[in-house]
Structure formats: structure tokens, C-alpha cells
Amino acid sequence: MHPGSAANAAEFFDIHVPIAPVGEVSSTDDTEWDALVSAAVERVNRVERLNAESDQRGRSWSLPVDPGRQASTPAWTGRAAWQRQVREVLNSPTGRGVCRWFKVSTEFVFAVAVTMASFAERSTGRRVCASRETIAHRSGVSVSVVKRARRALHTLSVACEMVRGRYLRTEESHAAESHHGRIQRRAASVWALTSPKSLVIATQVVTKKLAKKVRRSKDKAVSSYPQLRSRGPLSPSRGFKLLSLVRELSPTRARTRTGEHSKNPKTAPLKPRAIELQRTAAELLVHAPVFASTEHVGLICKALADAGVDENRWRGRDIAAELTRDTQQRGWTWPTHIERPIGFLRWRLAHIDWTRPSPTEIAQKAAQEARQRIIDRDARLRRRDALVASAEHRQRCRQALAATLKQRQKADAPM
């Protein structure tokens, strides 16, 4: 029985009323009292049975799902595999068309999908009972975007709404209060994340092709002296150019040597990047190697500058820590493979507020406050020590007191 049931209430108030299961209520002289107790016990049993059959968990009460519908809904193949499947179907022409139909971007749909996956059961992908407001807060989007994204996922057959959210009935409200001890009026929709067979097969084919391509590129990189398979760059049959002579006789370089500027605005000289920005980008690649690619590190610098990251306040280690914190707060997981690291970095940087204090600034402020507390304590101790009388002053005070007492003794002595 629940702690708030009729049996425990009777025991707490020391009312010796034997509470029996439904159909076995003890008989007393008061028929009305027996009917009330029987009805209360039956209601408590229904509430307990409802919670047991719906397998409630968590801090809120979720709507029960029909077992037949639950059995006919396929389960997912795992959280990471399901996210790869969603990414694959969103990148397909069908996925892009569905997103255009519901007027939502593929990036927002994937963000909502990752957040929903964080609330699902690990083995089956079911029991996604989070409200739209919670999903919107975790995903960093609006409630309207969450609605459209869930419709897109349902159309792509990777998510299914098992029960529509609604207001709770009286008995369900009592069951919710029995479950978590609070009053609950409404319950969110219950969703299940599914992995269609066709999508699972297509994702496995793409994964195998990608693994084969990576293996082939590794084998090609391991081969020694690949240029010996063809003619050399200075072979007479291919010819060569005196690049040094071309550079020296180039009219562009000649104008540069004479101090003239090019008339073409597209070839205007670029300003060098600040050394602090370059150092921040290099430190970010050290602490977040997932963004390392064959592209130039200057693209990392440009992404940081476009996102409004102040390199004088944010170090590379701080940016990596902030990305990890934001990922955990949204309930996301880092992808195992990033096809476009620079684009992914730009997308992540755009969803973070870089105007707030960085971890380094917070640590420096804390250290400064600690140093100030030490300085204030030392000053307070010095002021206290300054008020303590010296040994000479105490000696003079004792002598003056002794002289005063001696004079009083002489005055009080009988003549």
C-alpha cells in the first residue's frame, strides 16, 4: 500500500478498523461506515494497480500506453545508431523535402531528435514523456520548432506518438499524486523512437562504404614513394617551368616591390590575424581534436571571429570546456564522425552566449577575491596589534598605579 493509503491512515490514527481487500471488507454494526471503507480501499487498490500496470518512473506521471500498440511499434537499434539513422535520412532528398514542407531546418530537427533520444529508454527507445517546453529548453529552440520537428520525425517514420498529451482524469490525478507526492493536472505526450528496417539497411550500407573508403585512404597513405609510379616532375616528356623566374618577373610582385597597390579591389591586402586569436585556435584543436581536419587552421580562427568570441577573454581550453558543458546541458552526444568539422564548429558556436565571463575569468576573479580577503585579514590583524599596549607603557601604568595606592595608604593611615 502507498504511505497515503487508507490502511496506513487508520494505523496512524490508531483506529482499529481491519482493512481487507476488495470483496472481503469486515462487517461491523455501522453499514454506512463499512461501505465508505470498502469504497476507499477499492479506490486505493485501483490507483496502485494503475501505477503498477503502467510502470511509472521518474518525477512525473506519464499516460499509460495500450499494450497492443506498444507491441506493434518497432524498437530502435540503439541511441547512437538511431541518431546516425536520423542524420542519414535528414541528409537525403526525402528528409530535406519533409523539412521544407513543415518549414523547419534539418539542424533544428536533428537537435530535437538528439534531445528526445536522451529521454528515451536505452534498450527500446520508448517512453519519451518529456514536455514540449522541456525539449525546447534542452534543444535551444522554441516550442513551435519542437512541434514542427516532431511532425517531421513522425513523417519520416523515425518517431511515433503513442499517446497524445491531455488533462488527467480524477483517478489518474490520484495515481500521479500517489506516485510522486505532488498534484499533477496534465501529462505530456508519450513518444517512441523507432528504427525502420529500410533505414537500418541503408545506414549500414553507408557505414560500410565509409569504413571501406577510410581503409583505402589509410592504405594509400602508408604506401612509400607514390611518385615513383609515374614520371618524375622534371621528366623531359613532361617539361617544367622556372617558377623562380616567373615569380621575379610577375607584374604583381613588381608593383609590390615598387610600393604600388593593385587597382583590383578583390586583391586588397588582408590584415594579419591577431596572434592571440591564432593561439586560441591552436589550443582549441589541442583540447578538442574532433575539429582537426586537413583544412587550414585559419578557418578555425575565422569561425571564432565570426561567432564573436573574444580571444583576449576566452582561451582554447575555455572554449572546449564550454562546448562540452553546453553539450551535456542539452542532453546531446558528440558524433563519432564529423564530415564537415568547420561547419559543425560554426553551428555549435552560434548557439552559445560568448558575452558571459569565461572559466578563466571566473577563476581569476575568485583568486583575486581570495587575495583581497587575505589582505583585509592581515590589515585587520595589524590594526588589532596596533591597539595592544607596549611593555614600557604597561610598566609606566603599573608604577603610576603603585604610586597612587601608596598615597592613598598614607592618607588613610591614623595620625
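The values are calculated or read from the model by the stated rules, or taken from the named source; none is laboratory data. Bear in mind the structure is a predicted one, so any value in this text is a computation, not a measurement. Note that we place each Cβ from the backbone using ideal geometry, even for glycine, and neighbour counts take in every protein chain shown.
The set of residues from segment 309-336 being surrounded by 12 or more Cβ atoms within 10 Å (Cβ to Cβ) and assigned to a loop (DSSP other than H, G, I, E, B) comprises Val309, Asp310, Glu311, Arg313, Trp314, Arg315, Gly331, Trp332, Thr333, Pro335. For segment 91-118, the candidate set comprises residues that are without any contact (Cβ under 8 Å) to a residue 24 or more places away in the chain and not in a helix (DSSP H, G or I); within that set, the residue that is surrounded by the most Cβ atoms within 10 Å (Cβ to Cβ) is Ser105.
Out of all the residues in segment 55-63, is one or more out of contact with any Phe, Trp or Tyr (no Cβ under 7 Å at 6 or more places or on another chain), modelled with pLDDT of 50 or more, under 20 Å from Ser178 (Cα atoms) and loosely packed, with under 11 Cβ neighbours inside 10 Å? Yes: one or more hits. If the condition is being in a loop (DSSP other than H, G, I, E, B) and acidic (Asp, Glu), then segment 119-135 contributes only Glu121.
Criterion applied to Ala400, Ala350, Ala363 was being modelled with pLDDT of 90 or more and surrounded by 10 or more Cβ atoms within 10 Å (Cβ to Cβ), and the one residue passing it is Ala400. The lone criterion from (1) outside any helix (DSSP H, G or I); (2) among the polar types (S, T, N, Q); (3) closer than 30 Å to Arg132 by Cα; (4) modelled with pLDDT under 85 left unmet by Thr77 is number (4).
Among the candidates Trp314, Trp354, Trp332, the residue that is under 29 Å from Glu88 (Cβ atoms) and aromatic (Phe, Trp, Tyr) is uniquely Trp332.
The residue of segment 150-203 that is nearest to Ala52 (Cα to Cα), among those that are free of Cβ contacts under 8 Å to residues at least 24 places away in the same chain and within 28 Å of the chain's Cα centre (by Cα), is Arg182.
Evaluating Ser237 against the criteria (1) modelled with pLDDT under 75; (2) not in a loop (DSSP other than H, G, I, E, B) leaves one unmet condition, (2).
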